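The values are calculated or read from the model by the stated rules, or taken from the named source; none is laboratory data. Since the model is a prediction, treat every value here as computed from it, not as a measurement. Glycine gets a Cβ as well: all are built from the backbone with ideal geometry, and neighbour counts include every protein chain shown. Ligands, DNA and RNA are excluded from the accessible area calculation, which covers all protein heavy atoms including side chains. Shrake-Rupley method; radii C 1.70, N 1.55, O 1.52, S 1.80 Å.
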Amino acid sequence: MLKITLVTGNKAKIINTRNKLKPYGIEIDNIKMETIEIQASTAEEVAAYSAKYAADILGKDVLKIDSGLYVDALRGFPGPYTHYCEDTIGNKGLLKMMAGKTNRKAELREALAYCSPGADPIVFSSITKGTIALKESGKYGWSWDFIFIPEGKDVTLGHFEEEERFDLWDDSAYKKLGEYLTKNNKE
């Protein structure tokens, strides 16, 4: 069984990644470590840089996940700065920026960067489409879960418990990674 180290301290990311990659025979352990997060215009660039850094430091295959909320009316902001936005202005600040905007389309982008020591990272991405709510609502999740309404639903992600919420996200990046590793029999 292939074993990959997920570099994160986020328990939800650990659970979700284990569940999504288990069908491919991939075992996920994890380590919480500080990685360099570059300032870049995409989550893919941030994840790739962090994955390479971690793989070279740890000397083993790693997976680094970066995600961002990209809001159409704000020209993609906060994008790769979602965590910073959350820490500074929060959901209330983002909703204030959206006041009076009729285009409320948004995307949650998730980038999975897989890297072996000394190699270049391979990045797989997925996009969950939706809209920004007019106000925060829900009691489950964190961050933008309380303002993001996934396509096909009429309430925010914050209204869905963990397992159901995970199923509302586009998981194509996990499928692409699982298929890539299975095809390349990377053990």
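Before moving on, here are some points about what is shown:
- Test: residue in the stretch 78-89 that is at pLDDT below 95, hydroxyl-bearing (Ser, Thr, Tyr) and either in contact with a Gly (Cβ under 6 Å, 6 or more places away or on another chain) or part of a helix (DSSP H, G or I) (or both): yes
- Remark: residue 107 matches the filter, which requires a residue to be within 19 Å of the chain's Cα centre (by Cα), in contact (Cβ under 8 Å) with a residue 12 or more places away in the chain and open to solvent by 10 Å² or more (accessible area, probe 1.4 Å).
- Residue match in the stretch 32-42 (condition: under 27 Å from residue 175 (Cβ atoms), in contact (Cβ under 8 Å) with a residue 60 or more places away in the chain and of a type in the set (A, V, I, L, M)): no
- Sole residue being touching a Gly at 6+ places or on another chain (Cβ under 8 Å), closer than 30 Å to residue 179 by Cα and not in a strand (DSSP E or B), chosen from 120, 56: 56
- Within the stretch 36-86, being open to solvent by 80 Å² or more (accessible area, probe 1.4 Å) and aromatic (Phe, Trp, Tyr) holds for 49, 81, 84.
- Screening the stretch 141-161 for residues that are farther than 18 Å from residue 71 by Cα and at pLDDT below 95 and picking the one that is farthest from the chain's Cα centre (by Cα) gives 161.
- Residues being surrounded by fewer than 18 Cβ atoms within 10 Å (Cβ to Cβ) and over 24 Å from residue 41 (Cβ atoms) - total across the stretch 110-137: 6
- Just one of the listed residues (158, 152) is free of Cβ contacts under 8 Å to residues at least 60 places away in the same chain, of a type in the set (Gly, Ala, Ser) and part of a loop (DSSP other than H, G, I, E, B), and it is 152.
- Residue 89 vs. criteria buried (at least 21 other Cβ atoms within 10 Å of the Cβ) and over 21 Å from residue 12 (Cα atoms): no
- Scanning the stretch 130-149 for residues that are of a type outside the set (Val, Ile, Thr), assigned to a strand (DSSP E or B) and free of Cβ contacts under 8 Å to residues at least 40 places away in the same chain turns up just one, 130.
- The listed residue being within 30 Å of residue 134 (Cβ to Cβ) and modelled with pLDDT of 90 or more, out of 56, 61, 66: 66
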